[in-house]
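Only one structure is covered here, and it is reproduced in the block below.
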Amino acid sequence: MVQVGDAADDGAVGARYRPAMISRRSLLVTGGAGAGLALAWAVWPRDYAVDLAPERNETAIGAWLKIAQNGRITIAVPQAEHGQGVYTTLPQIVADELGADWRTIGVEAALPGPTYANPMAAAALFSGGLSHVPDAVRREHWIRSGLVLTGGSTSVRMFEAPLREAGAAARVLLAKAAAARWGVDWEQCDTADGLVVNGKQRLRFGDLAAAAAAFDLPEELPLRFGDEGRLTGQSLPRLDAPAKVDGSVNFTADVRLPDMVFATIAQGPAGGEAGGTGRSRLVRVDKQAADRVRGVTGVVENPHWVAVIANTSWAAIQGLAALRPRFETRGTLAETSTIDAGLEAAFDRAGLAFVRQGEAADTLSGDVARASYVIGPGVHASLETPCATAWWHSDRLELWAPTQAPGLARAAAARAIGVPEQAVTIHPMMIGGSFGRALDHEAVEQAAILAATLRRPVQLVWTRREATLHDRFGAPARARMAARLASDGRILDWQARIATPATGAALARRLIGHDALARSTMFLPEQADGYAMAGALPPYRFPAASILHHPADIPLTVGHLRGGADRANAFFTECFIDELAHRSGTEPMSYRIGMLGHDPQLARCLSTAAALGEWDGGRAGSGQGLACHAMAGSRIALLAEAQHDGSGGVKVDRIVAAVDCGRAINPDIVRQQVEGGILLGLALATGRAPRFTAGLADTCTLGDLRLPRLADTPEITVELIPSRSDPGGVSDLGVVAVAPAIANALAAGAGNRPRTLPFGAS
């Protein structure tokens, strides 16, 4: 669809990131999931209206871009920017296909709707909750529901094709407009640096946009070919970097509104019923003590939480401390011993088959190797804690929030205060980290209730203690690994039994529990959770393999953490593979490559990391370890050099990573993502996992988590292996192989192998 609008000249053209990208327009979700299930899909429209809302002297060309008379090009991005670089890589795809000048590119958050839906992310996150539903049905449902979602390393994989088509369509239309002026065939025209070119003739995009929108597209869009002059593959500067450097970018806590007050909140202890779904009930507060704190203007009590309102955020925090709230919790409070017992008890129940290939035996006999591994809860620890700014005015609610699922957050806010979704406007803001935490929206619901109660703008920011205690933790897990071996050490039968909560089902219940398709699967027979078991099937080829999921009921709420379940399952696999290599007397890299004849890309990553890291064969005392993994269409191999530091901790000296992620749209951003993932993986491996006593955690600050400091950061080398394959995901890739590589290095260095994460855990 092509929309024609008036164009506007609103300032100089430039690559500077503009905070005004975030629109104040209502995010209307094409909803009706229940209606969509009740009606025949044949009568649903397949061409969806789009709303780019061109400003004065701007022309919208299709669903993805607008061109102003001054030549500025604004590209709609349907993914949240929380540091992964989508506000650069996705526009770069369009600009490359269009032939634009990168200095003229700007970004605007896309409105939720079918055009911008991300069914690939929904499949990655909710697969455990909807495993009974055929993939094609799920995909169609998420598109029709307009589910805009960021997660699962899907942004480029999901949107490269439609963005290339959008760029190609705009290029053709601009060429047709220029050709009409010059009296030539449009196919003789090309584009470069924001100009339509035919020999020595030149016309600017801005001069052609209004006329271009009136032309029709050919039946088949010609995509660019060849490497000359392409933006793809160039490390172009990030569009969001200048504003983040000079501080002009707006995060949620930067929002200021007339007559606004500040709030912070306290909720009950962690835990409740199995799975952490129990609710705490507020039973007592000391309002008089809170009122005596200078700046406190009020206290808002809710059955499950209490908020202190003040004229500064610091006064709100001080008032909450004076309030001394007390809660009563139904169900089991979170206890580390109870969590451990719940994971162990899961092995007493029959496992759910995730993979069964070849003639896998239920009980292994002969030469059998066994090992058990443990992973504790993972904390997001993002710099920005859960927060939201809300304003109830003119019988409407306006929200500013860091969210990876704006449509779901909007719907949750509407339900919280009992208004139609059409009465809620949400502005998705830049996100300060997240690592998956911004998929949940408790703070949005709470801010909505506060704004509707107070009838004035309110900014809610959780304290660090509250954010850690009520995190949506990366799921703890335990694995019992076994392998039947041939006399030469080859693996004949691989067996993995993994006890962990059904995280995909938990995410589906919590985030899309009101969706008709999700509700329809609630009473179907239980299956292995696809999210929880992601990455559990090793990349190696065995004659037989059996992988079972033992769903664990624990008093802790789990959610999506960067790296997903691959983080745990890669640890189990790569540590056990390393043990088997040493048991057979085989050099660990050769042992792995011998089982990768079907995957030469991963074998090349291994050999590249080994060569760059000067791999010495993993001999005793070397302190070197290898690990590799494949996920999201990408592959990574890591070499780590690590040692015990003498005080019970671990010192990692060097990490070398070799990555094959297909075509890299922006190589620098790929490296940034891999390096960032490595550091998060390092934090989760060498820091502290929270321990719970009576529902309270012993990690209330970032310092308590013992996150790596600059002095603790190893030398990191990331080598990108050239490829012409389709792009794979990279946001989660760096996290997954770090812990097993370090564990294997420690085993080679000291001879004792750590089988528990984080390494300092008992």
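Here are a few things to note about the model shown:
- The residues of region 192-213 that are open to solvent by 40 Å² or more (accessible area, probe 1.4 Å) and either basic (Lys, Arg) or in a loop (DSSP other than H, G, I, E, B) (or both), listed by number, are Asp193, Gly199, Lys200, Arg202, Arg204.
Here is a yes/no grid of residues against (1) open to solvent by 10 Å² or more (accessible area, probe 1.4 Å); (2) part of a helix (DSSP H, G or I); (3) out of contact with any strand residue (DSSP E or B) (no Cβ under 6 Å at 6 or more places or on another chain):
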site: Gly530; (1), (2), (3): yes, no, yes
site: Met533; (1), (2), (3): no, no, no
site: Gly563; (1), (2), (3): no, no, yes
site: Arg567; (1), (2), (3): yes, yes, yes
site: Phe572; (1), (2), (3): no, yes, no
site: Phe576; (1), (2), (3): no, yes, no
site: Ser590; (1), (2), (3): yes, yes, yes
site: Met595; (1), (2), (3): yes, no, yes
site: His598; (1), (2), (3): yes, no, yes
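- Hey, Asp471 open to solvent by less than 10 Å² (accessible area, probe 1.4 Å), in contact with a Lys or Arg (Cβ under 9 Å, 6 or more places away or on another chain), at pLDDT 95 or above and in a loop (DSSP other than H, G, I, E, B) or not: yes
- Residue list for region 609-644, filter: part of a strand (DSSP E or B) and basic (Lys, Arg): Arg635
- Exactly one residue out of Arg103, Arg72 is closer than 30 Å to Gly676 by Cα, open to solvent by 10 Å² or more (accessible area, probe 1.4 Å) and basic (Lys, Arg), and it is Arg103.
- Selected residue [of a type in the set (Gly, Ala, Ser) and in contact with a strand residue (DSSP E or B) (Cβ under 7 Å, 6 or more places away or on another chain)] from Gly106, Gly85: Gly106
- Selection count where residues are among the charged types (D, E, K, R) and either crowded, with 16+ Cβ neighbours inside 10 Å or assigned to a helix (DSSP H, G or I) (or both), scope region 677-725: 6
- Subset of region 214-233 (residues that are surrounded by 15 or more Cβ atoms within 10 Å (Cβ to Cβ) and either under 17 Å from Ala100 (Cα atoms) or not aliphatic (A, V, I, L, M) (or both)): Phe215, Arg224, Leu231, Thr232, Gly233
- Only one of Glu81, Glu160, Glu140, Glu97 that is in a helix (DSSP H, G or I) and open to solvent by less than 10 Å² (accessible area, probe 1.4 Å): Glu97
- Any hit, region 711-725, residues being farther than 30 Å from Ala80 by Cα and not charged (D, E, K, R): yes
- Within region 272-301, residues that are open to solvent by 80 Å² or more (accessible area, probe 1.4 Å) and in a helix (DSSP H, G or I) sit with their Cβ atoms under 7 Å from residues that are of a type outside the set (Gly, Ala, Ser) and at pLDDT 95 or above, at 6+ positions apart or across chains, in these pairs: Lys287/Val299.
- Filter result (part of a loop (DSSP other than H, G, I, E, B), of a type in the set (A, V, I, L, M) and open to solvent by less than 10 Å² (accessible area, probe 1.4 Å)) within region 111-137: Ala117, Leu130
- Within the set Ala345, Ala322, Ala307, the sole residue that is part of a helix (DSSP H, G or I) and under 30 Å from Ala263 (Cβ atoms) turns out to be Ala322.
- A Cβ distance below 6 Å, combined with a sequence gap of six or more or placement on separate chains, defines the contacts here; from region 607-618, residues that are under 15 Å from Ala748 (Cα atoms) reach residues that are open to solvent by 40 Å² or more (accessible area, probe 1.4 Å) and not aromatic (Phe, Trp, Tyr) in the pairs Gly617/Glu587.
- Of residues in region 580-601 being in contact with a Phe, Trp or Tyr (Cβ under 9 Å, 6 or more places away or on another chain) and among the hydrophobic types (A, V, I, L, M, F, W, C), the one nearest to Gly728 (Cα to Cα): Leu596
- Region 624-655, residues that are farther than 30 Å from Met158 by Cβ and crowded, with 24+ Cβ neighbours inside 10 Å: Gln624, Gly625, Leu626, Leu639, Ala640, Ala642, Val652
- If you filter region 662-676 down to residues that are in a loop (DSSP other than H, G, I, E, B) and out of contact with any helix residue (DSSP H, G or I) (no Cβ under 6 Å at 6 or more places or on another chain), you find that the one that is most open to solvent (accessible area, probe 1.4 Å) is Arg663.
- Taking the criterion of being at pLDDT below 95 and out of contact with any helix residue (DSSP H, G or I) (no Cβ under 9 Å at 6 or more places or on another chain), the residues of region 734-761 that qualify are Gly749, Ala750, Gly751, Ala761.
- Test set (1) buried (at least 21 other Cβ atoms within 10 Å of the Cβ); (2) within 24 Å of Arg370 (Cβ to Cβ) - Ala486 fails condition number: (1)
- In the set (1) under 25 Å from Ser372 (Cβ atoms); (2) touching a Pro at 6+ places or on another chain (Cβ under 8 Å), Gly633 fails one condition alone, (1).
- A single member of Gln446, Gln404 is more than 23 Å from Gly146 (Cα to Cα), in contact (Cβ under 8 Å) with a residue 60 or more places away in the chain, open to solvent by less than 30 Å² (accessible area, probe 1.4 Å) and of a type outside the set (A, V, I, L, M, F, W, C), and it is Gln446.
The values are calculated or read from the model by the stated rules, or taken from the named source; none is laboratory data. None of the values given here were measured: they were computed from a predicted structure. Ideal geometry is used to build each Cβ from the backbone, glycine not excepted, and the neighbour counts take in all protein chains shown. Just so you know, the surface numbers come from the protein's heavy atoms only, side chains and all, with ligands and any DNA or RNA stripped out. Shrake-Rupley method; radii C 1.70, N 1.55, O 1.52, S 1.80 Å.
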